[in-house]
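Enquirer: Below is a structure I'd like to ask you about.
The values are calculated or read from the model by the stated rules, or taken from the named source; none is laboratory data. Just so you know, these numbers come straight off a predicted model, no measurement behind them. Cβ sites come from the backbone with ideal geometry, for glycine too, and all protein chains shown count toward neighbours.
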Amino acid sequence: MPLNILIAGATGKTGLILTQDLLDQGHNVTALVRESSDTSSLPQGASLRHGDLTDLHPGVCDGADVVVFAAGSGGATGPDMTDKVDRDGAMRLIDLAKAANVDRFVMLSSIGADQSDPSGDLAHYLKAKHDADEHLKASGLTYAILRPVALTDDGRSDDVILGDDVDPRAQASRADVAAVLAQAATTATHDGQTLNMQSA
């Protein structure tokens with residue numbers, strides 16, 4: 001049965017692949033986009049819903065069976081925007097999904113987001129992702145959290161590795177990440193799990 005799936009971050013590199021995958025599977029996909037977003041690359045068949053992750057309005061998740069957070073502030077933005085999008089925006093979307101009785105929430109997180117007090121160059125970003133992940137776990141929603149290692153633009157590989165066997169120094173293709181996100185969004189395979197991920 002086709003699902004109504006709302007994707008935050010659908011115009012990003014991983015989000016575009018995910019949107020196409022879900023449309024190919026026959027689902028109804030709605031991209032949550034800012035008014036200023038370039039939607040020209042979105043696959044034909046995707047619907048649009050306007051909303052800004054820094055200022056989400058009530059009802060943005062209405063009608064969705066599944067919500068996927070695959071957005072990010074991007075590497076060129078500062079800590080302030082990281083907090084607004086990757087932490088506060090994600091947490092607000094989780095709360096609105098809960099209010100809309102969404103069946104499942106899928107979070108694209110990052111390797112290292114398991115640490116409550118991370119260090120290194122990505123510490124601020126990882127802390128934001130950690131806080132959003134913890135908020136999702138505590139929300140009462142059925143959830144799946146995917147934490148891939150460094151992303152590449154390679155194509156789909158023959159296999160992926162999930163869980164404790166993942167090498168933090170490995171890589172994951174966005175195509176593989178999208179495939180696992182699609183599986184998490186449309187099946188109960190990864191419900192209630194927080195999974196590290198790499199391409200095999």
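Enquirer: Of the conditions (1) within 19 Å of GLY12 (Cα to Cα); (2) among the polar types (S, T, N, Q); (3) touching a Lys or Arg at 6+ places or on another chain (Cβ under 9 Å); (4) not in a loop (DSSP other than H, G, I, E, B), GLN183 fails just one. Which one is it?
Expert: Unmet for GLN183, out of (1) within 19 Å of GLY12 (Cα to Cα); (2) among the polar types (S, T, N, Q); (3) touching a Lys or Arg at 6+ places or on another chain (Cβ under 9 Å); (4) not in a loop (DSSP other than H, G, I, E, B): (3).
Enquirer: If GLY120 satisfies every condition in (1) at pLDDT 95 or above; (2) at positive phi but one, which is the exception?
Expert: With respect to (1) at pLDDT 95 or above; (2) at positive phi, GLY120 is out only on (1).
Enquirer: Checking the structure you have, find out if any residue of the stretch 70-84 is in contact (Cβ under 8 Å) with a residue 60 or more places away in the chain, over 24 Å from GLN198 (Cβ atoms) and within 16 Å of the chain's Cα centre (by Cα).
Expert: From the stretch 70-84, those in contact (Cβ under 8 Å) with a residue 60 or more places away in the chain are 70-72; that's our starting set.
Okay, now just the ones that are also over 24 Å from GLN198 (Cβ atoms), so none.
No, every residue in the stretch 70-84 fails to be in contact (Cβ under 8 Å) with a residue 60 or more places away in the chain, over 24 Å from GLN198 (Cβ atoms) and within 16 Å of the chain's Cα centre (by Cα).
Enquirer: Restricting the search to the stretch 1-26, which residues are of a type in the set (Ser, Thr, Tyr) and in contact with an Asp or Glu (Cβ under 9 Å, 6 or more places away or on another chain)?
Expert: THR11
Enquirer: Which ones in the stretch 102-111 are buried (at least 19 other Cβ atoms within 10 Å of the Cβ) and either closer than 14 Å to LEU136 by Cα or at pLDDT below 95 (or both)?
Expert: Within the stretch 102-111, the subset buried (at least 19 other Cβ atoms within 10 Å of the Cβ) is 102, 104-111.
Those that are buried (at least 19 other Cβ atoms within 10 Å of the Cβ) and either closer than 14 Å to LEU136 by Cα or at pLDDT below 95 (or both): VAL102, ARG104, PHE105, VAL106, MET107, LEU108, SER109.
Enquirer: Can you go through ASP121, ASP86, ASP114 and tell me which one is surrounded by fewer than 19 Cβ atoms within 10 Å (Cβ to Cβ) and under 25 Å from GLN183 (Cβ atoms)?
Expert: Working: ASP121 fails: under 25 Å from GLN183 (Cβ atoms); ASP86 fails: surrounded by fewer than 19 Cβ atoms within 10 Å (Cβ to Cβ).
One residue alone meets the criteria, ASP114.
Enquirer: Of the conditions (1) at pLDDT 95 or above; (2) closer than 18 Å to ALA8 by Cβ; (3) surrounded by 14 or more Cβ atoms within 10 Å (Cβ to Cβ), ALA99 satisfies every one except a single condition; which number is it?
Expert: Only one criterion is unmet by ALA99, namely (3).
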